Amino acid sequence: MTETTEMTSGRRFSWRAMTSMMTTGGFLIMGVTGLMLFATPEGRLAYWVDWSLGGLTKEEWGAIHVTSSLLFLVAGFIHLWFNWRQFVAYLRHRLERKLSIRPEAPAAAALLAVLVAGTLWGVPPFTWVLDLSAAIKASWSVDASLEPPFGHAEEASLDTMALRTATPVGAIVGAIHAAGYTVESTADTLRRVADRNGVIALDARIAIAP
């Protein structure tokens, strides 16, 4: 692959510039999605009420975060490949100067090590960041009636729902019918019931809410 390709307009397409832009773009998207995941509600609530922000669900924000992180890494390696000569020249220059290391390098490495260790050991101020995230996530749950009876209840069959909540399955089916929705069998999940009836899953869940 050559660095540039002739364009019909006479301007050259620069793969080096494109890689730099993709590295920057991947970093920005990764940062935005990371902030979104920092503030999203816990999974049990997010999936139960079909939570979304900016038109995207928690799962979709997470998927974009993963793919943008991969883009950032791949673009970064390609960027290094394009600048390999300069990189090798820099290393050779350092070796010729007997690896004179700037004081900023060990200082940055030490700070990063403290960040990782402090987070794993659960000590302030790193726990403050995690506590803030937990508080924001918990703030989404303001109505006890919207709490799921158990994790990923929206994916459980109505039979399983009945067993887990000690409720007769006939009563659950009857509540859904009373709300105007159809059920094909007790093997249906609330998510399938909602999709089949063309409503958001939360509507079907409210139908059987205690």
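The values are calculated or read from the model by the stated rules, or taken from the named source; none is laboratory data. Predicted model only: the values in this text are computed from it and were never measured. Cβ placement follows ideal geometry from the backbone for every residue including glycine, while neighbour counts extend to all protein chains displayed. In case anyone asks, the SASA skips ligands and DNA or RNA and just uses the protein heavy atoms, side chains included. Shrake-Rupley method; radii C 1.70, N 1.55, O 1.52, S 1.80 Å.
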Check your understanding: Is the stretch 186-199 home to any residue that is part of a loop (DSSP other than H, G, I, E, B), in contact with an Asp or Glu (Cβ under 6 Å, 6 or more places away or on another chain) and of a type outside the set (F, W, Y)?
Key -> yes
Point to revise | Members of the stretch 135-175 found to be part of a helix (DSSP H, G or I) and acidic (D, E), listed by number | key: E154, E155, D159
Point to revise | Among residues of the stretch 141-164, those that are more than 30 Å from A39 (Cβ to Cβ), of a type in the set (S, T, Y) and open to solvent by 50 Å² or more (accessible area, probe 1.4 Å), counted | key: 1
**Study point:** Selection status of V116, exposed (fewer than 14 other Cβ atoms within 10 Å of the Cβ) and assigned to a helix (DSSP H, G or I)
**Key:** yes
Review point. Which residues, counting only those in the stretch 138-178, are over 22 Å from W51 (Cβ atoms), out of contact with any strand residue (DSSP E or B) (no Cβ under 9 Å at 6 or more places or on another chain) and polar (S, T, N, Q)?
Key: T167
Review point. Just for the stretch 9-30: of the residues that are small (G, A, S) and in contact with a Ser or Thr (Cβ under 7 Å, 6 or more places away or on another chain), which one is most open to solvent (accessible area, probe 1.4 Å)?
Key: S14
Review point. Which one is modelled with the lowest pLDDT, of the residues in the stretch 185-210 that are open to solvent by 40 Å² or more (accessible area, probe 1.4 Å) and either charged (D, E, K, R) or touching a strand residue (DSSP E or B) at 6+ places or on another chain (Cβ under 8 Å) (or both)?
Key: D203
Check your understanding: Has the stretch 48-60 got at least one residue that is over 28 Å from S139 (Cβ atoms), open to solvent by 50 Å² or more (accessible area, probe 1.4 Å) and either in contact (Cβ under 8 Å) with a residue 24 or more places away in the chain or out of contact with any strand residue (DSSP E or B) (no Cβ under 9 Å at 6 or more places or on another chain) (or both)?
Key -> no
Practice item. Considering (1) part of a helix (DSSP H, G or I); (2) open to solvent by less than 60 Å² (accessible area, probe 1.4 Å); (3) at pLDDT below 90, say which one T33 fails and leave the rest. Key: (3)
